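**Student:** Handing you this structure, nothing more for now.
The values are calculated or read from the model by the stated rules, or taken from the named source; none is laboratory data. All values reported here derive from a predicted model rather than from experimental measurement. Neighbour counts are summed over all protein chains in view; Cβ atoms, including those assigned to glycine, are modelled from backbone coordinates with ideal geometry. Surface areas here come from the heavy atoms of the whole protein model, side chains and all, with no ligands, DNA or RNA. Shrake-Rupley method; radii C 1.70, N 1.55, O 1.52, S 1.80 Å.
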Amino acid sequence: MKTPEIGIAIVAPGGYAPDEAALARGIARLQAQGATVHNYYDPQHKFQRFGGTDAGRLAQLNAAASDPAVQVVLALRGSYGISRILPEIDFQAMADSGKLFVGYSDFTAFHMGLMAKTGRASFAGPMVCDDFTRDESEQFTLNQLWSCLAGPTHTVTGTAAGNPQVELQGQLWGGNLAMLVHLLGTPYFPQVDGGILFLEDVNEHPYRVERMLLQLLHAGVLQRQQAVLLGDFSAYKLSPMDNGYDFDAMLAYVRQRLPVPVLTGLEFGHIRRRVTLPFGGQARLRSDEAGFTLQVGDYPTLARP
């Protein structure tokens, strides 16, 4: 699937590109799919583990948001960095720009702040590194992005054993679990009632996942949701000390403890094959023994700002 003829800005509000040759390949891949690329990231200006100084990374966001030739702002990568510049981001200007902001992982903090401050939807989706820079890209992931941005609705399906049967609707929001918990109690945590909360994480042991879910429970967040939809949780290591406590054991416990249905099987997280999700869209979730369907609408698209 090719993109429409659109302007895509690359910004690095978090980490820098570790492989400049791969970055060039990613830009070429975007161009081959029909996009005009406006690259606001300069590898020469990377700073420590970041894609620039704090001021420099903020300037990238501002420049991309104010560029009239840009419709989509695509994060270079996650890693860490947005938390350092959250107070300086003019979220109202970001929303007023009409741009479609795309990223995941550390970029969850941007999604959260944008929703909390303005109510504007954005997109939990692929980033330049590594989704566009791999020798062989995962076409499913890229197709998901273009399909979602085109709208007007976007449908995601999944299968997983043991999911409860539900039929409900609410505002779709979420992302990286550690980033959500990190923002609890701050002005960048949106107050969503009756929502469908999607979550993922990487390198987090099941007990830490449980602890973060319980923190959201104790803070009163989960009681206000319709459902929790779990994506991929991977790259953790169990040990003999766990004594049978693994992800499945944790899942069984939280399903008993949490006051909302918990579903699994969402293809979202730090994995190659990944769906794109409109953060802030209105969603309908249906689940039975055969799987689930998540249909999302009422979000900004390339055709409808």
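**Student:** Note down all Cβ pairs under 8 Å where the first residue falls in the range 52-69 and is closer than 21 Å to Pro18 by Cβ, the second is of a type in the set (Phe, Trp, Tyr) and surrounded by 14 or more Cβ atoms within 10 Å (Cβ to Cβ), and they're at least six residues apart or on different chains.
**Tutor:** What qualifies is Gly52/Tyr16; Gly52/Tyr41; Thr53/Phe47; Gly56/Phe47; Arg57/Phe50; Gln60/Tyr40; Gln60/Tyr41.
**Student:** Just checking, does the range 70-89 include any residue being among the acidic types (Asp, Glu), more than 20 Å from the chain's Cα centre (by Cα) and within 18 Å of Gly113 (Cβ to Cβ)?
**Tutor:** yes
**Student:** Is at least one residue of the range 280-290 open to solvent by 40 Å² or more (accessible area, probe 1.4 Å) and either assigned to a helix (DSSP H, G or I) or hydrophobic (A, V, I, L, M, F, W, C) (or both)?
**Tutor:** Checked against the condition, which is being open to solvent by 40 Å² or more (accessible area, probe 1.4 Å) and either assigned to a helix (DSSP H, G or I) or hydrophobic (A, V, I, L, M, F, W, C) (or both), the range 280-290 yields at least one hit.
**Student:** Still on this structure, please answer the following. Could we say that Val192 is at pLDDT 95 or above, open to solvent by less than 50 Å² (accessible area, probe 1.4 Å) and in a loop (DSSP other than H, G, I, E, B) here?
**Tutor:** Answer is yes for this residue.
**Student:** Could you tell me whether Ala17 is surrounded by 13 or more Cβ atoms within 10 Å (Cβ to Cβ), of a type outside the set (Val, Ile, Thr) and outside any loop (DSSP other than H, G, I, E, B)?
**Tutor:** In short, no.
**Student:** Looking at the range 32-105, what helices (runs of 4 or more DSSP H) fall wholly within it and have at least 1 residues that are within 19 Å of Asp131 (Cβ to Cβ) and either open to solvent by less than 20 Å² (accessible area, probe 1.4 Å) or touching a helix residue (DSSP H, G or I) at 6+ places or on another chain (Cβ under 7 Å) (or both)?
**Tutor:** Those helices (runs of 4 or more DSSP H) span 54-66, 82-85.
**Student:** Now a separate question. Scan the range 202-242 for residues that are in a strand (DSSP E or B) and either among the polar types (S, T, N, Q) or open to solvent by less than 10 Å² (accessible area, probe 1.4 Å) (or both) and jot them down.
**Tutor:** Matches in the range 202-242: Gln225, Gln226, Ala227, Val228, Leu229, Leu230, Ser234.
**Student:** A further question on this structure: So Ala161 fits all but one of (1) open to solvent by 50 Å² or more (accessible area, probe 1.4 Å); (2) of a type in the set (Gly, Ala, Ser); (3) within 23 Å of Leu76 (Cα to Cα); what number is the exception?
**Tutor:** Condition not satisfied by Ala161: (3).
**Student:** Let me ask you something else. State whether one or more residues within the range 175-184 are of a type outside the set (Gly, Ala, Ser), over 30 Å from Gln33 (Cβ atoms) and more than 19 Å from the chain's Cα centre (by Cα).
**Tutor:** no
**Student:** While we're on this one: In the range 61-97, which residues are among the hydroxyl-bearing types (Ser, Thr, Tyr) and within 16 Å of Lys46 (Cβ to Cβ)?
**Tutor:** Of everything in the range 61-97, those that are among the hydroxyl-bearing types (Ser, Thr, Tyr) and within 16 Å of Lys46 (Cβ to Cβ) turn out to be Ser79, Tyr80.
**Student:** For the range 22-43, which positions are without any contact (Cβ under 8 Å) to a residue 24 or more places away in the chain and over 27 Å from Leu58 (Cβ atoms)?
**Tutor:** If the condition is that a residue be without any contact (Cβ under 8 Å) to a residue 24 or more places away in the chain and over 27 Å from Leu58 (Cβ atoms), then Ala28, Ala32 are the ones that fit.
**Student:** What about Arg274, is it open to solvent by 10 Å² or more (accessible area, probe 1.4 Å), touching a Pro at 6+ places or on another chain (Cβ under 7 Å) and part of a loop (DSSP other than H, G, I, E, B)?
**Tutor:** no
**Student:** Between Asp242, Asp246, Asp201, which is over 22 Å from Ala124 (Cβ atoms) and in contact (Cβ under 8 Å) with a residue 40 or more places away in the chain?
**Tutor:** Criteria check complete, one pass: Asp246.
**Student:** Go through (1) part of a strand (DSSP E or B); (2) closer than 25 Å to Pro305 by Cβ; (3) β-branched (Val, Ile, Thr) and name the single condition Thr141 misses.
**Tutor:** Looking at each condition in turn, Thr141 falls short on (1).
**Student:** Next question, about the same structure. Residue check: is Pro261 in contact with a Pro (Cβ under 6 Å, 6 or more places away or on another chain) and either open to solvent by 10 Å² or more (accessible area, probe 1.4 Å) or modelled with pLDDT under 95 (or both)?
**Tutor:** When the stated conditions are applied, Pro261 passes them.
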